[in-house]
Amino acid sequence: MSIVIKNLSCKYGAKTPFEKLALDGIDLTVREGESVGIIGATGSGKSTLLQHINALIKLQSGSVEVCGIDLTERKPDLKRLRKHIGMLFQYPEYQLFAETVREDVMFGPKNFGMKNEEAEDAARTAIGLVGMDWEEVKERSPLELSGGQKRRVAIAGVLAYKPDILVLDEPTAGLDPAGKKEMLDLITSLRQKTVSTVLTVSHNMDEIAAYCDRVVVLADGKKVFDTTPQELFYRDDLENFRLQKPHVVHIVELLAQKGVVLPHVLTEEALEDALLTYLRERRGK
């Protein structure tokens, strides 16, 4: 198993008038090869949960084990932990800092002990994985690249040190619709080629529905749902948790009110197929 979290709780501002329980008894297991979406309203505890996985927040209560590394130990090996986890924060292009793409993407591998030649090979491979040409971009300044290219370079910088888990915080924030689709298709491709285990935090329910195998919903620091996108997004009580349904689900439910009953699909492609099947069946009657 990649991640095992048991009874995880966390308070901010403990023993002050501003004390807040950010996480309350969270149990969560993420197995190798899963794509898990973590959603919830602002302040539900999503970012706090992610930061525990990478030990950016010190464990207060409960246990977290990542790729066999037990964070309850007095001195867990944090460098080894972070070698296992590729973490991309919101707007990952702001993580770019070096003078050239080459230096930037090589930084992670060198930081984890690779020699120059090995690190450059890893960087070249990572740039190829995100669909860019190494020779074309390696000596360019990251600041000269387009927004989409910057984000790809930032992802390459994480992939270069070969993590086992990819953690994404709002991976399509700030991108136009075409850019969002490109980024999500890239993540799908990376799951097939290199990092099969992905955790994604997003406010975009269409993305979570289409690209995740499981969805975990947090509310007021508690885990309230852990299920499939199909089971979750066709529930009638999502508004109680300040969650919106994906657009495709809205369309299916509106059509059902008009007497057009379709399967519980989640993507535009699946909706199109369902409508075509429905029309063919109607014509055959």
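The values are calculated or read from the model by the stated rules, or taken from the named source; none is laboratory data. Treat the numbers as computed from the prediction; the structure is a model and nothing was measured. For neighbour counting, all protein chains shown are included, and Cβ atoms are generated from backbone atoms with ideal geometry for every residue, glycine included.
Output the residues belonging to region 102-135 that are free of Cβ contacts under 8 Å to residues at least 12 places away in the same chain and among the polar types (S, T, N, Q).
Listed by number, the list holds a single entry, Asn116.
Suppose the filter is in the same structural domain as Gln51 (by TED's automatic domain parsing) and surrounded by fewer than 18 Cβ atoms within 10 Å (Cβ to Cβ); does Asp206 pass it?
no
Report the residue count in region 104-136 for those that are surrounded by 16 or more Cβ atoms within 10 Å (Cβ to Cβ) and acidic (Asp, Glu).
Of the residues in region 104-136, the ones surrounded by 16 or more Cβ atoms within 10 Å (Cβ to Cβ) are 104-110, 112, 114, 119-120, 122-127, 129-130, 132, 134.
Those still in the list that are acidic (Asp, Glu) too: 104, 120.
Residues in region 104-136 being surrounded by 16 or more Cβ atoms within 10 Å (Cβ to Cβ) and acidic (Asp, Glu): 2 in total.
When the residues of region 44-88 are filtered to those that are surrounded by fewer than 16 Cβ atoms within 10 Å (Cβ to Cβ) and in contact (Cβ under 8 Å) with a residue 12 or more places away in the chain, which remaining residue is nearest to Pro142 (Cα to Cα)?
Among those residues, the one meeting the criterion is Lys79.
Sort out which residues of region 231-240 are at pLDDT below 95 and not charged (D, E, K, R), and write them in order of number.
Answer for region 231-240, where residues must be at pLDDT below 95 and not charged (D, E, K, R): Leu238, Asn240.
Considering only residues that are outside any helix (DSSP H, G or I) and not β-branched (Val, Ile, Thr), look in region 91-110 and name the one that is farthest from the chain's Cα centre (by Cα).
Pass one, region 91-110, residues outside any helix (DSSP H, G or I): 91, 96-100.
Among the residues that remain, those that are also not β-branched (Val, Ile, Thr) are: 91, 96-99.
Details: Tyr91: 13, Leu96: 19, Phe97: 23, Ala98: 25, Glu99: 28 Å.
Going through the qualifying residues, I end up with Glu99.
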